[in-house]
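Below: the structure, in C-alpha cells.
Coordinate-derived values only; no laboratory data. Small disclaimer: the values here were computed from a predicted structure and weren't measured. As a convention, Cβ positions derive from the backbone with ideal geometry for all residues, glycine included, and neighbour counts pool all protein chains shown.
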Amino acid sequence: MRSDSVEIPDGEIELRTSRSSGPGGQHANVTASRVEATFKIDASNALDDDQKRRLRARFGPRVTAIAQDSRSQARNRALAVERLRDRVGAALRPRKRRRPTRASAASRERRLAAKRRRAEVKRARRTPGELD
C-alpha cells in the first residue's frame with residue numbers, strides 16, 4: 001500500500017473477515033464478506049518516528065478500516081485496504097495553519113441589524129401592559 005510519501009508493505013496490514021451485517025438473505029448467513037484491515041503503528045518498519053507519533057496522536061496504537069459494502073469478500077478486501085490507505089495518507093498530510101481573520105464592518109452591521117429586528121419582533125409580541 002502506498003500513501004503519498006510512505007510505502008506500507010502488505011505484510012504489515014492485518015486482514016480479518018467476519019459475517020456482514022444488514023440485509024442479504026440466505027447468502028449473508030453463510031459468507032464472511034465483511035473485511036477489517038488493521039495497521040499496527042508501532043510494529044511498522046515503513047514509518048519513521050515522527051510519522052508514527054503523528055499517527056498515534058490521531059488514531060491510537062492502530063489504524064482500522066472496515067468494508068462490508070459488497071457481497072464479494074475480494075471487493076471488500078480491496079475497499080478496506082484503500083480506506084486504510086486514505087486514512088493514513090490524510091493523517092500524515094500536514095494540516096494548513098488557520099489564519100485568523102476579522103469580520104468586516106458590513107458583516108458586523110448586518111449581524112447587529114438582525115439582532116435589532118429580532119428584538120423588535122419579540123417586543124411586539126408582549127402584552128400591552130408589560131414594562132420595557
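Against the main long axis of the alpha-carbon atoms of the chain, helix 49-59 sits at an angle near 60°.
Of all GluC sites (Glu not before Pro) in region 91-132, which ones are in loop regions per DSSP and have a Cβ with at most 16 other Cβ atoms within 10 Å?
Numbers: sites: Glu109, Glu120, Glu130; in loops: Glu130.
Taking region 91-132 and a limit of 16 other Cβ atoms within 10 Å, the loop GluC sites (Glu not before Pro) found are Glu130.
Comparing Ala78, Ala106, Ala91 along the charge dipole axis of region 48-132, the residue lying farthest to the positive side is Ala106, per the Cβ-charge model. Extension gain for Asp86-Arg116 works out to 6.0 nm (0.36 nm per residue, less the C-alpha to C-alpha distance). Distance between the pseudo-spin-label points of Ala78 and Thr64 (7 Å out from Cα toward the beta carbon): 2.5 nm. The long axis of helix 105-125 is offset from the longest Cα principal axis of the chain by roughly 60 degrees.
By how many degrees, between 0 and 90 and to the nearest 10, does the Cα long axis of helix 73-92 differ from the longest principal axis of the chain? In the chain, helix 73-92 runs at an angle near 60 degrees to the longest axis. Spin-label model, Thr31/Thr101: points 7 Å from Cα along the beta carbon direction are separated by 4.9 nm.
Put a dot 7 Å past the Cα of Arg56, heading toward its Cβ, do the same for Glu109, and the two dots end up 5.5 nm apart. Please work out the FRET efficiency for the pair Ser18 and Arg93, using the Cβ-Cβ distance as r and a Förster radius of 30 Å; give the result to the nearest 0.05. The value I calculate is 0.45.
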